[in-house]
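Visitor: Can you read through this structure? Questions will come right after.
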Amino acid sequence: MVSRVIPVDTFDLVIFGGTGDLARRKILPALYRRFCSGQMEGDSRIIGAARSDHTAEEFQQLIAEGIKEFDPKAYDAEKVAEFTSHLDYVHVDALGETGWKALAEKVSGDRVRAFYFSVAPSLFGALAERLHTHGMADSNTRIVVEKPFGHDLASARALNQDLAAHFDESQVYRIDHYLGKETVQNLMAVRFGNMLFEPLWNAQYVDHIQITVAETVGVGGRGEYYDKSGAMRDMVQNHLMQLLCLIAMEPPARFEPDAVRDEKLKVIRALEAVPADDIVRGQYSAAGKQPNYLDDVGDPTSRTESFIAMKVKISNWRWAGTPLYLRTGKKLKARTSEIAVVFKQTPHSIFGPESGSHRNILTIRLQPNEGMDLGVTIKEPGPGGMRLVDVPLDMTFAEALGPDAEDVPDAYERLIMDVIRGNQTLFMRGDEVEAAWAWADPIIDGWEQRGDRPMPYDPGSTGPEESMMLMHKDGRRWREIKT
Ligand code: NAD
């Protein structure tokens, strides 16, 4: 297989917060990789803009060190020097006047102009307004914003309004890096590029769907931020919701931004309210020993969840009767993200009860080892009658497509290049984000009003016992969390 690199137009990309953690760890290493693959041609420029005062050379040095630290495999001193020669820096204050004139002078010209808001959301409105005031908000302009996009419906609406005051929705790119993952896009290819799956993709044939995003890390240094958020806001409302949408949506007429996003929105609007009995919240706690969530966030009274499992129903013709079980948490047994579509059993077994119970399961793995497999039932080889066994039809990309498939661009690489190309398909639209909050808010309000406490669970486990019960009461069980 020969990988294809499609050149993009010459661009200016301004990264507000260019000296920050996200820019150094993810955004600039991703741009460096695209540069190495030949996608950043001509005199495209990347301009760091942040509150600290640096020369362009100091910024270049900072970013070169960042690439070495965060992407050592791709680091090549000569290439990095070539790449950083495209970098410039402006000292800008989002809340004041410093640097704006200088920035406007640097980005003038007829080329794609993207502004990446890699700063706290509280600065989004001020940045949008100053871009407008200083004549940088024209039709060539695109803006990219990061999560968290709001804390609830009201704050998400306010952010949307701040951006809409100066930019059209077609200029706003809300990043959810889960959508940039190769497997997530492959999910759409498998669903809509094959005849095999779509006729079975409904409540008649699918028993249930499981979405698991398990992390082994705790809250780390983000304790203060995380404690105000919790697993529901930090993971379910955005990342798991996006996965759910792609799994459950109707086929869009075309693979085009608004066609795809319209279908996703319909799924979110069809989600039922989730009763308290269908939700399990947990907090990792090692019975007084470390690690302990309450110690990690420095608040012994915190009721924020570091784990959540829930049963979700979609009220439409396709999915009525087929629940989706979502589960995500920190300090779990293994780092793994997967979607499993569990099909129903055959209506009748011609092989008799001794052949056991078997189901087809389509598993879409986001990490580790991005790929898919389809569990099918076959005869166990050898004599001794008709014994059945489940085997995976492995669709791990690296094996099927050769070494090039291992070198697929990271989510940020793809998404940033989509911004430059002007393709919004893999970005969340404002109404999608608001609809997701409109679903999440009453659920969160519910446990806050009841004063529910999260259940403790052992670090390194699969979450609280009660999460197992959520499945058992429906006669189902979670798939194993394993690497
Ligand atoms: P950070 O604290 O490391 O960096 C913040 C950056 O913003 C710095 O460059 C700082 O100079 C700049 N800044 C702050 N106030 C400014 C002002 N008034 N004017 C101009 N620049 C100003 O933060 P980060 O971890 O890089 O995160 C940036 C944003 O991205 C946050 O909203 C965060 O929630 C989000 N995010 C971060 C990550 C991550 O992995 N770090 C992941 C997802 C989302």
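Visitor: Quote the charge dipole size of the range 179-472 about the Cα centre in Debye, to the nearest 20; the model charges only the Cβ of Lys and Arg (+1) and of Asp and Glu (-1).
Guide: Working: 31 positive and 43 negative charges, 101 e Å.
Dipole about the Cα centre, nearest 20: 480 debye.
Visitor: Over the range 77-156, what per residue volume does the convex hull of the Cα atoms give, in whole Å³? Walk me through the intermediate numbers first.
Guide: Values: hull volume 10.1 nm³, N = 80.
Normalising the Cα hull of the range 77-156 by residue number yields 126 Å³.
Visitor: Kindly write out, for the range 277-285 in residue order, the coupling ³J(HN,Hα) from the Karplus curve 6.51 cos²θ - 1.76 cosθ + 1.60 (θ = phi - 60°), rounded to whole Hz, with x marking Gly and Pro.
Guide: 5, 9, 10, 10, 10, x, 9, 6, 7
Visitor: Now for a separate question. Of all the Cα-Cα pairs you can form in the range 345-483, what percent are over 22 Å apart? Mind showing how you got there, number by number?
Guide: On the way: 6641 of 9591 pairs.
Percentage above 22 Å: 69.
Visitor: What order do you get for Arg281, Arg303, Arg414 when you list them from fewest to most C-beta neighbours inside 10 Å?
Guide: Details: Arg281 25, Arg303 16, Arg414 20.
Placing the least packed residue first, the sequence is Arg303, Arg414, Arg281.
Visitor: Sort all Cα-Cα distances of the range 245-323 into consecutive 10 angstrom bins from zero, then give the percent of pairs in each bin up to the one containing the longest distance.
Guide: 16, 31, 22, 20, 11, 1
Visitor: Please order Phe255, Phe59, Phe35 by the number of other Cβ within 10 Å, starting at the fewest. Don't skip to the answer; put the middle values down first.
Guide: Numbers: Phe255 14, Phe59 25, Phe35 19.
Ranked by crowding around the Cβ, least crowded first: Phe255, Phe35, Phe59.
Visitor: How much of the DSSP bridge set in the chain is antiparallel, in percent, rounded to the nearest 5? Could the numbers behind the result be given before it?
Guide: Working: 40 of 74 bridges.
The antiparallel fraction comes to roughly 55 percent.
Visitor: Counting only GluC sites (Glu not before Pro) that sit in a DSSP loop (anything but H, G, I, E, B) with at most 16 other Cβ atoms within 10 Å, what is the longest stretch of the chain containing none of them? Spell out each step's value before the answer.
Guide: Numbers: sites that count: Glu41, Glu97, Glu272, Glu480.
The segment 273-479 is the longest one with no such site.
Visitor: If you wrap a convex hull around the alpha carbons of the range 11-146, what volume per residue comes out, as a whole number of Å³?
Guide: Details: hull volume 13.2 nm³, N = 136.
Hull volume normalised by residue count: 97 Å³.
Visitor: For every helix of n ≥ 4 consecutive DSSP H residues, a contribution of -39,500 (n - 2.57) applies; sum these over the chain, divide by its total residues, and give [θ] at 222 nm rounded to the nearest 500 deg cm²/dmol.
Guide: On the way: 15 runs with 149 residues, N = 483.
Calculated from helices alone, the mean residue ellipticity at 222 nm is -9000 deg cm²/dmol.
Visitor: Are there DSSP H segments in the chain that both extend 20 Å or more along their axis (alpha-carbon positions) and score a mean Kyte-Doolittle hydropathy of at least -1.0? List them, or say none.
Guide: What comes out of the filter, once short or polar helices are dropped, is 56-70, 430-450.
Visitor: So how do Lys73, Lys266 line up by other beta-carbon neighbours within 10 Å, fewest first?
Guide: Values: Lys73 4, Lys266 16.
Final ranking by Cβ density, sparse to dense: Lys73, Lys266.
Visitor: Tally Lys/Arg at +1 and Asp/Glu at -1 over every other residue whose Cβ is under 12 Å from the Cβ of Asp296; what's the total?
Guide: Values: positive: Arg222, Lys330, Lys331; negative: Glu224, Asp227, Asp295, Asp299.
Result for the local shell: -1.
Visitor: Moving to a separate point now. Tell me the Rg and the Dmax, in Å, that the Cα atoms of the chain produce.
Guide: When restricted to the Cα atoms of the chain, Rg and Dmax are 23.9, 82 Å.
Visitor: Now, a different point. All other residues with a Cβ under 13 Å from the Cβ of Arg327 taken together, and with Lys, Arg as +1 and Asp, Glu as -1, what is their net charge?
Guide: Values: positive: Arg281, Lys311, Lys330, Lys333, Arg476, Arg477, Arg479; negative: Glu215, Asp278, Glu305, Glu338, Glu466, Glu480.
Around Arg327, the charge tally is +1.
Visitor: Where does the charge balance sit around Ile27 when Lys and Arg score +1, Asp and Glu -1, over other residues with C-beta under 12 Å from its C-beta?
Guide: Details: positive: Arg24, Arg25, Lys26, Arg33, Arg34; negative: Asp21, Asp71, Glu146, Asp410, Glu413.
Combined, the nearby Lys, Arg, Asp and Glu give 0.
Each reported figure results from applying straightforward, stated rules to the coordinates on display, with no laboratory input. The model shown is predicted, which means the values in this text are computed figures rather than measured ones. Counting neighbours? That spans all protein chains shown, and the Cβs are built from the backbone with ideal geometry, glycine included.
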